[in-house]
Amino acid sequence: MTREVRNALLVFVGAVLVLIVVDGAVLHYVRPGMAPLVAVAGAVVIALALLDVAQDLRRRAVPDGEHDHEGRSAWLLLVPVLVVLLAAPPWLGSDAVDLAGSRTVAVGRAPEEPLPPGAAPAVPVVDLVARAAATPDGGALAGREVTLTGFVVPARDGRGVDLARLVISCCAADASPVRVHVDDPQGVVGAPGTGADRWVAARVRLVPGTATRETGFVPTVTVRDAVAVPEPTPAYEY
Amino acid sequence: MSDPSVTIAIMTTGVVRRAGGVEVLAAVLVVALGLRVLGVDPLVTPQLRVGATVFVAVVVQALPFLVFGVLLSGVLTAYASPLALRRVLPARAGAAVPVAVAAGVALPGCECASVPVARRLIARGVPDAVALAFLLAAPAVNPVVLVATAVAFPDAPEMVGARFLGSFLTASVVGWVWARAGRAEWLAERVRRVPTTGDGPRWRVAAATARHDLVDAGGFLVLGGLAAAVLTTVVPEAWIAGLGEQVVLAVLVMALLGVLMSLCSEGDAFVAASLSALPLLPRLVFLVVGPAVDLKLIALQAGTFGRGFAVRFAPLTFVAAVLCGVGAGVLLL
């Protein structure tokens with residue numbers, strides 16, 4: 001690989017890193033806190049390449065035929081550039097929930113703070129699961145109605161549906177599903193989406209004592225109503 | 001010669017030679033953008049959709065750390081004299097190994113950052129074994145990783161100490177074994193070479209080194225990310241189901257998963273915590289093995305230190321990490 005090609009390749013790699021931060025796609029892949037680092041890394045990569053180009057221009061030397069020892073492996077850097085440009089990999093969704101099988105997110109420490117005020121405040125799914133698992137009656141959730149936003153997936157035993165989100169702790173490679181089973185005899189939540197995920201915001205109430213080891217820490221909620229909503233940004237919880 | 005892929009590879013190489021790489025690069029990008037404009041979506045199956053996102057995620061997550069690492073390695077090459085490094089480290093490699101491991105604790109890097117740094121330490125005359133101990137310690141036992149582990153296991157705080165001990169032992173043991181049995185010629189000869197940049201200010205030497213290491217390691221990082229994406233979408237869940245009772249088997253499966261999944265050391269504790277059907281010991285082994293040896297790291301190391309190195313270092317590290325992880329778990333869990 002000539003230095004010319006190498007520098008061009010580095011500029012492309014850096015540009016893609018900066019671009020995905022600018023258009024927000026970076027959140028499909030990593031936590032929001034990483035986004036500035038990704039942009040800085042992209043800028044550094046571009047700067048490293050341009051420094052070399054500038055030096056060549058100043059020397060007025062023709063770099064043709066001047067080979068570094070870098071092997072063909074460097075061409076592999078083109079692969080993520082092409083994948084991002086051509087395929088723009090989307091948010092992980094129910095496909096990833098299916099692949100994760102029975103794995104559900106770790107039950108972390110339950111949040112200490114009280115629920116937001118108001119009727120049916122919005123609560124992250126992972127937050128509800130952690131609170132429900134921490135105490136049998138769900139602590140602050142006891143008797144409260146809350147609004148959950150998630151996509152509809154088939155329940156693990158095939159009976160009824162769950163609301164699910166994916167939780168990212170470092171990057172999308174470690175995405176773990178978090179689910180809430182919906183006790184919904186009237187079918188207000190509806191069926192899982194076909195093709196694309198179906199997102200809903202549902203007003204629910206925790207059924208106390210349902211997030212146990214036996215249920216894999218998947219609590220059950222009763223649902224009052226549910227409305228279809230567009231996919232939120234970010235689609236992950238953290 | 002009838003293999004079509006070989007023919008295509010030869011033709012492509014020929015075309016690349018004749019047309020010049022820059023033209024090929026431009027053509028490939030134009031075609032890709034054209035297909036995008038035409039609305040061609042190559043992600044037609046669930047596995048492809050998940051795999052593509054996981055692949056890009058591994059690469060995007062790792063690149064900032066790799067860039068940080070190559071900048072550090074550039075600065076190291078340009079500004080730290082071999083003499084200064086020799087003064088900091090004990091003269092005997094055996095005694096210097098724990099010092100290097102301790103230095104790794106203080107440097108909160110990710111595994112991708114420590115590979116180029118270890119390479120330049122070797123180029124600056126640090127004994128191989130000492131640099132390799134640092135390579136293993138830096139991503140595994142730094143404060144960020146330990147805090148993440150504590151957050152992921154709120155009900156089992158002993159996991160933090162056990163992980164620290166297991167990873168500390170792994171880095172030290174591999175360092176000592178390499179000091180006794182390792183041979184200089186197993187590392188590619190280029191590792192010890194300082195890039196020729198002619199004369200120039202030191203920052204230019206630093207930039208040239210950084211650029212060099214980035215291109216060397218970057219391609220292999222991509223390879224590791226591809227492998228990890230394929231394997232995480234194809235393999236794991238069926239392996240884990242029903243392992244709860246068989247601890248020995250669970251330890252081995254989790255050790256292999258640590259290698260295959262190639263998670264970053266700051267996030268793997270959460271995945272380990274999510275596998276709540278398993279006892280703590282196999283999950284600890286997963287956390288000790290993963291940062292020391294995984295597909296992404298093997299690829300990076302093969303690219304940086306040469307294949308002859310990787311085929312020896314990866315199995316050695318794997319065995320050491322499994323044994324040290326089990327040892328630490330038996331002691332502390």
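The values are calculated or read from the model by the stated rules, or taken from the named source; none is laboratory data. Computed from a predicted model, the values in this text were never measured in an experiment. Cβ: placed from backbone, ideal geometry, glycine included. Neighbour counts: every protein chain shown.
A few remarks follow.
- Condition check for residue B:313: in contact (Cβ under 8 Å) with a residue 60 or more places away in the chain, more than 10 Å from chain A (Cβ to nearest Cβ), surrounded by fewer than 24 Cβ atoms within 10 Å (Cβ to Cβ) and touching a helix residue (DSSP H, G or I) at 6+ places or on another chain (Cβ under 9 Å): no
- Any chance residue B:304 is away from chain A (no Cβ under 14 Å), under 19 Å from the mean Cα position of the chain (by Cα) and within 28 Å of residue B:63 (Cβ to Cβ): no
- Residue count, region B:38-67 (criterion: more than 7 Å from every other protein chain (Cβ to nearest Cβ), over 16 Å from the mean Cα position of the chain (by Cα) and in a helix (DSSP H, G or I)): 3
- In the set (1) surrounded by fewer than 22 Cβ atoms within 10 Å (Cβ to Cβ); (2) away from chain B (no Cβ under 14 Å); (3) in contact (Cβ under 8 Å) with a residue 12 or more places away in the chain, the condition left unmet by residue A:133 is number (2).
- Close pairs from region B:117-139: first over 14 Å from residue B:69 (Cα atoms), partner of a type in the set (Lys, Arg) and not in a helix (DSSP H, G or I), Cβ under 8 Å, at least 6 apart: B:123/B:193
- Scanning region A:155-167 for any residue that is under 19 Å from residue B:50 (Cα atoms), hydrophobic (A, V, I, L, M, F, W, C) and away from chain B (no Cβ under 12 Å) turns up at least one such residue.
- Qualifying residue in region A:185-200 (condition: farther than 30 Å from residue B:262 by Cα, within 14 Å of another protein chain (Cβ to nearest Cβ) and either in a strand (DSSP E or B) or at pLDDT 85 or above (or both)): yes
- Matching residues in region A:132-162 - criterion: being touching a Gly at 6+ places or on another chain (Cβ under 8 Å), under 17 Å from residue A:115 (Cβ atoms) and not charged (D, E, K, R): A:132
- Some residue of region B:109-124 being within 20 Å of the chain's Cα centre (by Cα), assigned to a helix (DSSP H, G or I), in the same structural domain as residue B:218 (by TED's automatic domain parsing) and among the acidic types (Asp, Glu): yes
- Exclusive hit being modelled with pLDDT under 90 and at the interface with another protein chain (Cβ under 8 Å from one of its Cβ atoms), set A:54, A:41, A:74: A:74
- Selection status of residue B:138, among the hydrophobic types (A, V, I, L, M, F, W, C), out of contact with any Ser or Thr (no Cβ under 6 Å at 6 or more places or on another chain) and in the same structural domain as residue B:164 (by TED's automatic domain parsing): no
- Complete set of residues in region A:79-103 that are aliphatic (A, V, I, L, M), within 7 Å of chain B (Cβ to nearest Cβ) and in contact (Cβ under 8 Å) with a residue 40 or more places away in the chain: A:84, A:85, A:92, A:96, A:100
- Flag if residue A:174 is in contact (Cβ under 8 Å) with a residue 40 or more places away in the chain and not hydrophobic (A, V, I, L, M, F, W, C): no
- Count - residues of region A:12-34 that are within 16 Å of residue B:67 (Cα to Cα) and either within 10 Å of chain B (Cβ to nearest Cβ) or among the polar types (S, T, N, Q) (or both): 6
Results for (1) charged (D, E, K, R); (2) in a helix (DSSP H, G or I); (3) away from chain A (no Cβ under 14 Å); (4) in contact with a Cys (Cβ under 9 Å, 6 or more places away or on another chain), shown as yes or no for each residue.
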{"site": "B:231", "(1), (2), (3), (4)": "no, yes, no, no"}
{"site": "B:243", "(1), (2), (3), (4)": "no, no, no, no"}
{"site": "B:258", "(1), (2), (3), (4)": "no, yes, no, no"}
{"site": "B:269", "(1), (2), (3), (4)": "no, yes, no, no"}
{"site": "B:273", "(1), (2), (3), (4)": "no, yes, no, no"}
{"site": "B:277", "(1), (2), (3), (4)": "no, no, no, no"}
{"site": "B:283", "(1), (2), (3), (4)": "yes, yes, no, no"}
{"site": "B:327", "(1), (2), (3), (4)": "no, yes, yes, no"}
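- Residue that is surrounded by the most Cβ atoms within 10 Å (Cβ to Cβ), among those in region B:259-306 that are over 24 Å from residue B:244 (Cα atoms) and touching a Gly at 6+ places or on another chain (Cβ under 6 Å): B:296
- Test: residue in region A:216-235 that is outside the structural domain of residue A:24 (by TED's automatic domain parsing), within 25 Å of the chain's Cα centre (by Cα) and over 18 Å from residue A:147 (Cα atoms): yes
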